[in-house]
Amino acid sequence: MALTDLLKGIGVFAVVVVVVVAATAAAGTLLSGSSTDGSVDGPAYDDQLLPAAVEDGGTVGVPDGDTTKTVVIDKSHGNALGESEMQPFVDALVRDGHDVQFYTGGSGNGFSAGVSGGSSGLNATLRSADAFVVANPASSYTTEEINGIDAFAEGGGRVLLLADPVDPSTGGQSIGIPNPLGTNTGNTVTPGQPTNLAANFGVSFGAGYLFDMTDNANNFQRVYAQPSGGSLTEGVDRLVFEDATPLATSAAGTPVAESQDVMLSSTRRGATYTVAARTGNVVTVGDTNFLEPSSATVADNEAFLTNLAEFLVNGDKEPGVPEPAGPSTGAGSGGFGGPTQPGTPPAIPGNGTSP
């Protein structure tokens with residue numbers, strides 16, 4: 001090979017190397033978003049893309065009650081919400097001197113250990129109670145229990161019903177839960193909703209969950225809700241509900257809190273949904289997570305919990321209600337606009353069918 005040809009080859013190779021190195025450096029600058037002075041201005045580093053912080057502070061306040069009241073929380077129906085999961089709420093009631101009792105079943109006072117209690121045991125317990133709380137029951141309430149709770153609310157007792165969406169893996173169908181003691185626990189659903197009890201008061205829980213892919217509290221299932229008015233949302237500007245389900249109410253029901261425009265998983269339809277409602281002495285909420293320590297102080301949840309505690313302890317219940325059942329109880333009064341033996345519950349908006 002001639003010397004001239006060799007020099008030409010070396011020159012071409014050098015030019016190629018220079019071009020490749022220059023192109024690589026330019027691509028690196030474009031991808032990293034760095035300028036020649038080393039500063040970073042790429043959109044991946046834009047502070048506006050970081051999740052917006054949700055205010056989390058304060059404590060659940062002590063309810064403003066005039067006298068000491070007894071609040072009974074049901075655990076006799078396999079309720080999937082324990083004391084630790086509603087500790088801020090329970091602590092607020094106890095700090096104000098109120099008696100909080102977990103009903104586990106049985107006869108008499110009804111506070112013996114057990115999986116499920118008889119109807120007469122629950123009704124006997126309610127006679128000395130002022131408020132009753134039901135959250136995620138795994139078994140249905142009997143007609144006698146529904147009649148007793150209906151009379152309890154009619155007589156001035158306060159009732160709080162809470163539930164999460166139905167587990168899609170079970171579809172809300174009844175399944176059997178084995179009992180290591182060998183006794184029959186009856187048919188249960190996991191997780192559960194007080195469907196037949198809520199229907200007695202003209203309320204229906206939805207099956208799907210609410211979600212928002214754009215404006216949420218750092219998780220698409222943590223949706224925002226706004227107050228609809230009334231004393232239960234006094235001091236509340238914005239609530240955060242996680243894994244919430246919508247409610248449908250009869251004409252007697254009044255919305256307490258409504259979601260912003262969100263989607264419902266079971267229909268994929270966007271709308272504003274009722275997530276808390278009140279019917280006389282009964283309040284219904286389509287969520288339980290806001291009770292937990294990790295969520296109780298998010299946004300204005302603590303103000304809402306304080307108001308719910310005040311609602312429970314500010315009733316004026318008649319003594320001895322519900323009265324002991326006679327030889328034939330018959331049909332209940334259904335004083336909240338629906339029969340005591342519930343029929344078809346109201347349909348969830350946008351769902352087309354009853355849950």
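Below, the figures for the structure above:
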read-out: Given (1) modelled with pLDDT under 95; (2) touching a helix residue (DSSP H, G or I) at 6+ places or on another chain (Cβ under 6 Å), number of the condition Gln260 does not satisfy; value: (2)
read-out: Total residues in segment 244-256, condition touching a helix residue (DSSP H, G or I) at 6+ places or on another chain (Cβ under 6 Å) and touching a residue at least 40 places away in the same chain (Cβ under 8 Å); value: 0
read-out: Segment 212-237 residues that are in a helix (DSSP H, G or I), paired with ones that are not β-branched (Val, Ile, Thr) (beta carbon under 6 Å, 6 or more apart); value: Leu232/Asn307; Thr233/Pro227
read-out: Qualifying residue in segment 219-236 (condition: surrounded by 22 or more Cβ atoms within 10 Å (Cβ to Cβ) and closer than 25 Å to Ser139 by Cα); value: no
read-out: Conditions (1) in a helix (DSSP H, G or I); (2) modelled with pLDDT under 50; number of the one not met by Ala151; value: (2)
read-out: Leading residue by the ranking (surrounded by the fewest Cβ atoms within 10 Å (Cβ to Cβ)) among those in segment 242-257 that are closer than 12 Å to Gly206 by Cα and touching a Pro at 6+ places or on another chain (Cβ under 6 Å); value: Ala248
read-out: Qualifying residue in segment 265-285 (condition: of a type in the set (A, V, I, L, M) and at pLDDT below 95); value: no
read-out: Any hit, segment 314-325, residues being within 18 Å of Val90 (Cβ to Cβ) and in a helix (DSSP H, G or I); value: no
read-out: Test: residue in segment 207-216 that is closer than 30 Å to Asp316 by Cβ, modelled with pLDDT of 95 or more and buried (at least 24 other Cβ atoms within 10 Å of the Cβ); value: no
read-out: Out of Val134, Val223, Val189, sole residue that is closer than 22 Å to Met86 by Cβ and modelled with pLDDT under 95; value: Val189
read-out: Answer residue from segment 68-89, given it is more than 11 Å from Phe132 (Cα to Cα) and acidic (Asp, Glu) and is modelled with the highest pLDDT among those; value: Glu85
read-out: Residue within segment 264-280 that is touching a Leu at 6+ places or on another chain (Cβ under 6 Å), small (Gly, Ala, Ser), part of a strand (DSSP E or B) and buried (at least 17 other Cβ atoms within 10 Å of the Cβ) present; value: yes
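The values are calculated or read from the model by the stated rules, or taken from the named source; none is laboratory data. What you see is a predicted model, and the numbers here were worked out from it, not measured in a lab. As a convention, Cβ positions derive from the backbone with ideal geometry for all residues, glycine included, and neighbour counts pool all protein chains shown.
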